[in-house]
Amino acid sequence: MLKIGEFSKLSRVSVRMLRHYDEIGLLKPAEIDRFTDYRYYREDQLPTACRIAALKDMGFSLVDIVEAPLEAGRFSLALEPCRRRNGPCNKAADGLQ
């Protein structure tokens with residue numbers, strides 16, 4: 001398990017944003033210490049954090065991302081609206097699968 005600060009460094013997502021993602025249900029910690037409320041993440045959650053960052057970079061809002069299937073096998077479904085647009089977004093979407 002990774003502490004929130006360690007996960008933040010590895011994922012390049014600030015601790016503040018990780019807390020926000022938890023609040024909106026986008027990326028829940030694997031475990032929360034019930035005495036200290038400290039958040040812990042698993043290493044296998046790192047790809048999800050990267051997918052969230054990639055979608056944000058492509059212009060998706062957090063509301064859109066919350067509704068997107070971010071699991072590896074279903075991630076391509078989240079990119080469908082992006083593929084329908086013309087321009088560099090199509091190339092970015094193809095590179096993310």
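A short reminder: the numbers here are calculations on the coordinates, not readings from a lab. None of the values given here were measured: they were computed from a predicted structure. Neighbour counts run over all protein chains shown; Cβ positions are idealised from the backbone, glycine included.
For segment 21-54, what are the residues that are under 16 Å from I65 (Cβ atoms) and without any contact (Cβ under 8 Å) to a residue 12 or more places away in the chain?
E23, K28
One residue is enough: does segment 17-31 have a residue meeting the conditions out of contact with any helix residue (DSSP H, G or I) (no Cβ under 8 Å at 6 or more places or on another chain) and more than 22 Å from L55 (Cα to Cα)?
yes
Assuming S8 fulfils every condition listed in (1) crowded, with 18+ Cβ neighbours inside 10 Å; (2) among the hydroxyl-bearing types (S, T, Y); (3) farther than 24 Å from D64 by Cα apart from one, which condition is it?
The failed condition is (3).
Looking only at segment 11-67, how many residues end up being out of contact with any Phe, Trp or Tyr (no Cβ under 7 Å at 6 or more places or on another chain), part of a loop (DSSP other than H, G, I, E, B) and of a type in the set (A, V, I, L, M)?
Count: 3.
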